[in-house]
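These notes concern the structure reproduced below.
Values in this text are rule-based calculations from the coordinates and carry no lab data. Note that the structure is predicted; figures quoted are calculated from it, not measured. A quick note on method: Cβ atoms are made from the backbone with ideal geometry, for glycine too, and the neighbour counts reach across all protein chains shown.
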Amino acid sequence: MSRPGGTPELFDEPFLTAERHVGDRVFKAVAVGAGIVILVVLAGVAGFLVIEGMPAITADPEDVPGGEGFLPFVLPLLFGTVLAAVIALVIATPLSVGIALFISHYAPRRVAATLGYIVDLLAAVPSVVYGLWGIFFLADQLKHLYPWLADNLGFIPLFEGPASTTGRTMLTAGVVLAVMIMPIMTAVNREVFLQTPRLQEEASLALGATRWEMIRMTVLPFSRSGIISGAMLGMGRALGETIAVAMVLSANPDLISANLIGNQNSSTVAANIALKFPEYTGLEVNALIASGLALFLLTFVVNFAARVAIARRAEFSGANA
């Protein structure tokens, strides 16, 4: 239906359909453009790392820092990076799951909302603040624990000692990283737990299950892949953390050591780049960039695995989960 002058009415179906089609095309173009920009930026970063890092990768071994070649240069750094991230993951995963369960299934609504806001705000705390907390408070507190660990658990290579007198160890750095990644992991777990089908929870309780039995048999199985995804996202954050680790860790970039409480600790890729970049020149800078390429690939693999785990959750829905 149209007005006498030929102007379409607002409820004219062909006119509204055309408007929707224009909006769809604009939105599609914007979405595709944003996706292309992300891919271009990612490709640009990868290209820069490859171009600038290749001279160090192909250089003579004696020209690379350490004098043994690029692989011996980067392996201790990757070892320290993975070790610190794994420590953080081991500490943060059960804590984040417990906090998320309390917020989603135990706390009163107002308390849960307040705790949710606090957890989200913790993710916005700058890394340097965590670093200052780690070096001036946490390290000072843990240095009294390390001699006890060395005396009682020294038969385990992780705690063989001699214990550090400063507290600036790999274990301290792992605890700081755990506190840093806990907010994002808690937020992911909380949202996943809240997606558990309500009918399944009520059916479990109706059959006589306690609240913990309901969580163990219904919530946790449904959320398993989401918990794994949150953990891997947190690990990706821990792998790339720079300033907090550089401040807390007393590191030797040439050392591979699994001793978590000793004076000599492996460094991480990101911390080593931050500490060495101001004093390195020439091929040494290329070596740092090449180590950044190794970290880029490691982080990409971790985040890709997280996305795969998240995608698997799409196979389950509603009461059919």
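Here are some notes:
- Toward the positive end of the charge dipole of the chain, with +1 on the Cβ of Lys and Arg and -1 on the Cβ of Asp and Glu, the farthest Cα among I156, S291, T186 is that of T186.
- Tilt relative to the chain, helix 13-57 - C-alpha long axis, 0 to 90 degrees, to 10: 10
- Dipole of the chain, positive direction: furthest Cα of A112, L75, A305, with charges on the beta-carbon: A112
- Cα gyration tensor category, rounded, prolate or oblate, for the stretch 13-100 with a/c compared to 1.5: oblate
- Nearest 10 degrees, 0 to 90: helix 283-312 Cα axis against the chain principal axis: 40
- Taking Rg and Dmax of the Cα atoms in Å as calculated from this structure, the corresponding entry among (i) 20.5, 68; (ii) 18.8, 60; (iii) 25.6, 95 is (iii).
- Rounded to the nearest 10 degrees, the angle from helix 170-194 to the longest Cα principal axis of the chain is 10 degrees.
- Residues V26 and V86, FRET efficiency given R0 of 45 Å [Cβ-Cβ distance, rounded to 0.05]: 0.45
- Charge dipole of the chain (Cα centre as origin; +1 on each Lys and Arg Cβ, -1 on each Asp and Glu Cβ, all else neutral): 1120 debye, rounded to the nearest 20.
- Net charge, V285 excluded, C-beta distance under 14 Å - Lys, Arg +1, Asp, Glu -1: -3
- Whole-Å distance, taken between Cα centres, linking the stretch 140-161 and the stretch 239-290: 23
- If you run the Gaussian network model on the chain, springs between alpha carbon atoms under 10 Å, then out of T186, T218, T169 the most flexible one is T218.
- Helix-only [θ]222 nm of the chain, DSSP H runs n ≥ 4, -39500 (n - 2.57) each, per residue, nearest 500: -22000 deg cm²/dmol
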